Amino acid sequence: MLEVLTGSGLAASAGLNAYIPLVLMGLLARYTDLMKLPSGWQWLGNGWVLLILAVLLAVEVVADKVPVVDHVNDVVQTVVRPTAGGLAFGAGSSSETVTVSDPDTFFSSHQWVPVVVGVLIALGVHLLKSAARPVINATTAGFGAPVASTAEDATSAVMSVVAILLPVLVLAFLLGFVAFLFWFLRRRRWRRRERRAARAAGFRV
């Protein structure tokens with residue numbers, strides 16, 4: 001079960017920032033004993049791969065904090081983040097970590113399952129992030145973009161670390177995400193009803 005929590009946490013992190021969980025896994029596997037990647041995923045610890053991911057991470061961090069540019073970036077990341085989520089779930093759930101010592105027993109027969117699950121988790125988080133950002137930009141005249149982006153990056157980093165070191169706590173992150181999703185959807189419905197009522201009142205006048 002810990003494999004699922006580790007993979008879910010890393011995939012959700014990728015939904016916020018595609019590169020943070022991949023860079024973290026690669027660094028931990030290359031320079032520490034906290035994570036041991038299986039043979040099919042050891043390329044994540046390659047120096048050139050880490051360098052490329054670090055450059056892409058830097059571009060993502062900057063682009064996501066500029067109003068309008070962040071929207072274009074979210075469109076591009078609609079493909080990138082779910083892909084990264086699939087990779088993160090696949091690699092994370094099949095790796096040996098300080099909490100998971102025998103990961104092969106969970107996904108031994110269907111290696112494609114964790115990748116698909118990771119894609120879906122990351123896509124869900126990405127879609128919520130993409131839907132919330134225009135609202136934040138509109139209500140703060142664009143000043144909220146760097147604040148929201150910084151909070152998302154910090155959440156992605158913390159969740160990635162927690163997923164590897166204390167995967168049980170991933171449940172708290174996932175429950176928080178579900179609660180925020182319900183709150184956000186209810187708030188959008190309320191705002192739409194408010195706008196329709198305002199338009200109807202304008203027509204009557």
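For the reader, a short list of remarks on this structure follows.
- Seen from PHE177, the other residues with C-beta closer than 13 Å to its C-beta sum to a net charge of 0, counting Lys and Arg as +1 and Asp and Glu as -1.
- Inter-label distance, VAL135 to VAL76: 2.6 nm, where each label sits 7 Å from its Cα along the C-beta direction.
We did not get these values from a lab; they are worked out from the coordinates using the rules stated. Every value quoted in this text rests on a predicted model; they were computed, and no experiment measured them. For neighbour counting, all protein chains shown are included, and Cβ atoms are generated from backbone atoms with ideal geometry for every residue, glycine included.
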